[in-house]
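The values are calculated or read from the model by the stated rules, or taken from the named source; none is laboratory data. Owing to the predicted nature of the structure, the values given are computational and were not obtained by experimental measurement. Cβ sites come from the backbone with ideal geometry, for glycine too, and all protein chains shown count toward neighbours.
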Amino acid sequence: MRISLDVVDLLQLQEIWSRRPIVTAFTRLESRSTPFPVTENFAIEDLMPRLARLKRSPAWLSRRPNPALNDPARVPLSDLSDEYLIEMYPDVVPVAKRSSLFQSVYNCYLVANFKETVMRTAAALQLLARVRQFETADRLDAGNLPAEGSPEWIPLTITDEIRALDDRYDAAEPGSPSTYVVAEDFWSLLLKAEPEHIEGVTRLALEMSDAAFCSALRNSLHDLIALAHTWYRSPSLVGLCYMQKDNKDA
């Protein structure tokens, strides 16, 4: 089992995906740079002929969401139905296209990311809490993973989109998909962690495991601390946690 912690500008993500007209969304996305993979082409010059074709199609003329809405350019990305996507992208399966669009938009607003096995992450956090003498009740859950924060911090529409469109989730698995906002108190465990705390974790880990595991734990803590500082820099950034099965887990 692997855990991923994403630091995402969730409010901008929701605005671009669910609220802004598609033309506005593409205009903003076209010029937005990100270190994370974006597979979609958000060029306006590519979008306009597709919208023109949709506007002339029976799918639009007979099923537009509002009879007073004459121009599909005013429809948000989240409201593109299968019928609309078939007209705009006839060579791609609509479900796959919607998922690709969402993942690309998501990655445009993904600021930082941490990926590791659940076992190593839980061990690193548990030992850090022990070294720093922190109470874990509001910071870690029963499995020593980041505690869940208030659901009010994540727009439900975006939660549903992540669960429905993100192939990291398997809806057939019990307890999956699992997406939640990380509790603010969790980050305090990492924000003021000093090199001596990391060395303390390494010494404790060495009592229980080998040097290779201790090195991996140290690297994970460095990455988690960097992630925490990225989250801390802006009040608009939200920490999201999800887990997925991985046959390659250590």
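So, in the range 4-13, of the ones that are in a helix (DSSP H, G or I) and of a type in the set (A, V, I, L, M), which residue ends up surrounded by the fewest Cβ atoms within 10 Å (Cβ to Cβ)?
So in the range 4-13, the residues in a helix (DSSP H, G or I) come out as 10-13.
Imposing the further condition that a residue be of a type in the set (A, V, I, L, M) reduces the set to 10-11, 13.
On the way: Leu10: 22, Leu11: 16, Leu13: 22.
Filtering first and then ranking leaves Leu11.
What do you reckon, is Tyr84 aromatic (Phe, Trp, Tyr), within 30 Å of Arg2 (Cα to Cα), in contact (Cβ under 8 Å) with a residue 24 or more places away in the chain and buried (at least 17 other Cβ atoms within 10 Å of the Cβ)?
Numbers: aromatic (Phe, Trp, Tyr): yes; within 30 Å of Arg2 (Cα to Cα): no; in contact (Cβ under 8 Å) with a residue 24 or more places away in the chain: yes; buried (at least 17 other Cβ atoms within 10 Å of the Cβ): yes.
It is false that Tyr84 is aromatic (Phe, Trp, Tyr), within 30 Å of Arg2 (Cα to Cα), in contact (Cβ under 8 Å) with a residue 24 or more places away in the chain and buried (at least 17 other Cβ atoms within 10 Å of the Cβ).
Looking only at residues in the range 114-134 that are among the charged types (D, E, K, R) and in contact with a helix residue (DSSP H, G or I) (Cβ under 8 Å, 6 or more places away or on another chain), which one is nearest to Ala211 (Cα to Cα)?
Residues of the range 114-134 among the charged types (D, E, K, R): 115-116, 120, 130, 132.
Restricting the remaining residues to those that are in contact with a helix residue (DSSP H, G or I) (Cβ under 8 Å, 6 or more places away or on another chain) gives 116, 120, 130, 132.
Details: Glu116: 18, Arg120: 14, Arg130: 20, Arg132: 22 Å.
So, considering only residues that are among the charged types (D, E, K, R) and in contact with a helix residue (DSSP H, G or I) (Cβ under 8 Å, 6 or more places away or on another chain), the one nearest to Ala211 (Cα to Cα) is Arg120.
Does Leu224 satisfy the condition of being assigned by TED's automatic domain parsing to the domain that holds Leu127, assigned to a helix (DSSP H, G or I), surrounded by 15 or more Cβ atoms within 10 Å (Cβ to Cβ) and under 17 Å from the mean Cα position of the chain (by Cα)?
Numbers: assigned by TED's automatic domain parsing to the domain that holds Leu127: yes; assigned to a helix (DSSP H, G or I): yes; surrounded by 15 or more Cβ atoms within 10 Å (Cβ to Cβ): yes; under 17 Å from the mean Cα position of the chain (by Cα): yes.
Considered against the rule, which asks whether it is assigned by TED's automatic domain parsing to the domain that holds Leu127, assigned to a helix (DSSP H, G or I), surrounded by 15 or more Cβ atoms within 10 Å (Cβ to Cβ) and under 17 Å from the mean Cα position of the chain (by Cα), Leu224 comes out as yes.
Kindly list the number of the only condition in (1) of a type in the set (Val, Ile, Thr); (2) farther than 22 Å from Ala226 by Cα; (3) at pLDDT 75 or above that fails for Val131.
(2)
Every residue, every condition in (1) farther than 30 Å from Leu224 by Cα; (2) crowded, with 16+ Cβ neighbours inside 10 Å; (3) at pLDDT below 95, yes or no:
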position	(1), (2), (3)
Phe36	no, no, yes
Phe42	yes, yes, no
Asp46	yes, no, no
Ala68	yes, no, yes
Ser100	no, yes, yes
Tyr106	no, yes, yes
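Does any residue of the range 163-170 turn out to be surrounded by 16 or more Cβ atoms within 10 Å (Cβ to Cβ), assigned to a helix (DSSP H, G or I) and at pLDDT below 90?
Applying the first criterion (surrounded by 16 or more Cβ atoms within 10 Å (Cβ to Cβ)) to the range 163-170 yields 163, 165-166, 168-169.
Pick out the ones that are also assigned to a helix (DSSP H, G or I) and you get 163, 165.
In the following step, the residues that additionally are at pLDDT below 90 were identified as 163, 165.
Within the range 163-170, one or more residues are surrounded by 16 or more Cβ atoms within 10 Å (Cβ to Cβ), assigned to a helix (DSSP H, G or I) and at pLDDT below 90.
Identify, by number, the condition in (1) among the hydroxyl-bearing types (Ser, Thr, Tyr); (2) surrounded by 12 or more Cβ atoms within 10 Å (Cβ to Cβ); (3) more than 28 Å from the chain's Cα centre (by Cα) that Ser62 doesn't meet.
Looking at each condition in turn, Ser62 falls short on (2).
Asp160 - would you say it is modelled with pLDDT under 80, surrounded by fewer than 18 Cβ atoms within 10 Å (Cβ to Cβ) and assigned to a helix (DSSP H, G or I)? Step through it out loud before you land on a result.
Values: modelled with pLDDT under 80: yes; surrounded by fewer than 18 Cβ atoms within 10 Å (Cβ to Cβ): yes; assigned to a helix (DSSP H, G or I): yes.
In short, yes.
Search the range 191-221 for residues being β-branched (Val, Ile, Thr) and within 29 Å of the chain's Cα centre (by Cα), and hand back the single one that is surrounded by the fewest Cβ atoms within 10 Å (Cβ to Cβ). Spell out the reasoning first.
Let us first name the residues in the range 191-221 that are β-branched (Val, Ile, Thr), namely 198, 201-202.
Cutting the leftovers down to within 29 Å of the chain's Cα centre (by Cα) gives us 198, 201.
Details: Ile198: 20, Val201: 26.
Within the range 191-221, the match that is surrounded by the fewest Cβ atoms within 10 Å (Cβ to Cβ) is Ile198.
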